[in-house]
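Written out below as structure tokens is the structure these notes cover.
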Amino acid sequence: NGRDGFTIRGINAEGGPSSDVSTADTAGFVLDGAYLDADLLSTGLSMWDINSIEVFKGPQSTSQGKNSLAGTVVVKSNDPVFDTEGSVRLGYGSDNTQITSLMFNTPLSNDLALRFAGERFYTDGQVTNKFTGKDDEAKNEHYNGRIKLLFQPSESFSALATIGQDKVEKGDERLCGNNANKAGIFSCNDSKLETFHDVEGDYKKRLNYQSLKLQAQLTDSVALTSTTSHSTKTDDDKMDADHLAPTNSDYAGAAGLGVRQQNEKDNSISQEFRF
């Protein structure tokens, strides 16, 4: 939607008329069977070693729970296989953008296989702070790691355990804000991707999730599946509350040093049986 969130059929996934309004989620997000806060997508989901992405439009309450009025996004990563394989991706781009991705899969025995996937993304961003002189005001560093262990003693039974972590540290992407061209002191222009914040923005998000999926083929036409998942998300932010330079600047309107800090923690536990 042009900011941090996303919409499905015009309905904001984070609830409310815009992503600035914090209400209950209106779109579900499921990764490897674990229900996650839709706010995870605001950090940028890693697409490394992903098998499929499905977007279900419209209410999914009967299958995904009440926080799915707009729809549900279901993402599935690649499962372990009983072969040895691996892959590496390296990338570099403008604004000191760096991408490092790794994947390794190996069988541990005839009925046990392990798969690891990890990625680091970093960029300085495009925003320059004219007050501090830093050109990495909107830096973004994203770490993503996932371990999957598959136990498959027969064709009729399997157990898949997944442990993952997603960690993001970002700077401040906001531009001129309230200090744009005030009293002719600041010649700030949004199109120039400049800012004058005196407080260095620091946005930290960490997501840990675990899931266990058990599948049993009881007969040729009857199967039983159990999916247990748990996730914890923490969000610690520090930002310039007034968008202004400090009180010792030449701008008389910068009357106070405004710092805003906010902290959130969400826990989710789900248990699903399918017959």
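Please treat every number below as a calculation from the coordinates, not as lab data. Source: prediction; values computed, not measured. Glycine also receives a Cβ, built like all others from the backbone with ideal geometry; neighbour counts cover every protein chain displayed.
Observations, loosely collected:
- For the pair SER94 and GLN262, label points projected 7 Å from Cα toward Cβ lie 3.1 nm apart.
- Gain on full extension, evaluated as 0.36 nm per residue between THR232 and SER270 minus their Cα-Cα distance, stands at 12.5 nm.
- For ALA70, distant residues with modelled amide H under 5 Å away: ALA27
- Amide H contacts under 5 Å for LYS134, placed H, 5+ residues apart: ASN129
- Set LYS167/LYS238; LYS130/LYS233; LYS170/LYS233; LYS148/LYS238; LYS57/LYS205 screened for pairs whose C-alpha atoms are more than 24 Å apart: LYS130/LYS233; LYS148/LYS238; LYS57/LYS205
- Extension reserve of the ILE11-VAL81 stretch, reckoned as 0.36 nm per residue once the Cα distance is removed: 21.4 nm
- Note, ³J(HN,Hα) from phi for the range 214-222, Karplus 6.51, -1.76, 1.60, rounded to Hz, x at Gly and Pro: 10, 10, 10, 8, 6, 9, 4, 10, 10
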